[in-house]
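Novice: Take a look at this one; I'll ask things after.
Taken together, the values in this text are just the output of simple stated rules run on the coordinates, not laboratory data. Since the model is a prediction, treat every value here as computed from it, not as a measurement. Please note: Cβ atoms are built from the backbone with ideal geometry, for glycine as well, and neighbour counts cover all protein chains shown.
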């Protein structure tokens, strides 16, 4: 088990992360991709998260092929929109989000477009 402490300064950072770990875990199941694994969250609150420990292994060509094939399957799943329904975090940084019917509007509204 891995215990992660919230050092971000955002009280909801670990709560968001726990939800965001559930999304790819669910997508893997829907897509029928059993070669990819996402850590399971056992408990979470504003201060700490208990989750599956990730044991790093050296990347091999076979592992990278499995990763690429699994991610391609997940990206083939239909979604109701581009984006995410609320803001979240990338590491220690706030990531602005919105839901949009087209990628261009999503990219522009989240500030990722070159202006």
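Novice: Rounded to the nearest Å, what's the spacing between the alpha carbon centres of the range 1-33 and the range 54-95? Just the number, please.
Specialist: Distance between centres, Cα-based: 12 Å.
Novice: Sticking with this one: Return the single residue from 93, 45, 76 with maximal mean-square fluctuation; model: Gaussian network over the chain, springs between Cα atoms under 10 Å.
Specialist: Of the options given, 76 has the highest mean-square fluctuation.
Novice: Order by neighbour count: 92, 49, fewest other Cβ atoms within 10 Å first, most last.
Specialist: Values: 92 10, 49 22.
By the 10 Å Cβ count, ascending: 92, 49.
Novice: If you don't mind, another one. Got the relative contact order for the chain handy, in percent, Cα pairs under 8 Å and 6 or more residues apart? Please list the in-between numbers first.
Specialist: Details: 139 pairs, mean separation 26.6, N = 115.
Relative contact order comes out at 23 percent.
Novice: What's the extension gain from residue 11 to residue 61 if we count 0.36 nm per residue and subtract their Cα-Cα distance? Mind dumping the intermediate values first?
Specialist: Numbers: separation 50, 0.36 × 50 = 18.00 nm, distance 3.93 nm.
Full extension of this stretch gives 14.1 nm more.
Novice: Here is a follow-up. Calculate the all-directions average of the projected area of the chain's alpha-carbon convex hull, and give it in nm².
Specialist: Values: hull surface 35.1 nm².
If you wrap the Cα atoms of the chain in a convex hull and average its projections, you get 8.8 nm².
Novice: Arranged by the count of other C-beta atoms within 10 angstrom, fewest first, what order do 36, 94 take? The partial results should precede the final answer.
Specialist: Values: 36 17, 94 12.
Result, fewest neighbours first: 94, 36.
Novice: Then there is this: Pick out which of 61, 26, 102 has the largest mean-square fluctuation in a Gaussian network model of the chain, springs linking Cα atoms closer than 10 Å.
Specialist: It is 61.
Novice: Between residue 35 and residue 48, what is 0.36 nm times their sequence separation minus the Cα-Cα distance? Round to one decimal in nm.
Specialist: Details: separation 13, 0.36 × 13 = 4.68 nm, distance 2.83 nm.
Gain in length upon complete extension: 1.9 nm.
Novice: In deg cm²/dmol, rounded to 500, what helix-only [θ] at 222 nm does the chain give when every DSSP H run of at least 4 residues adds -39500 (n - 2.57) and the total is split over its residues? Don't skip to the end; give the middle numbers.
Specialist: Details: 3 runs with 41 residues, N = 115.
For the chain, the value works out to -11500 deg cm²/dmol.
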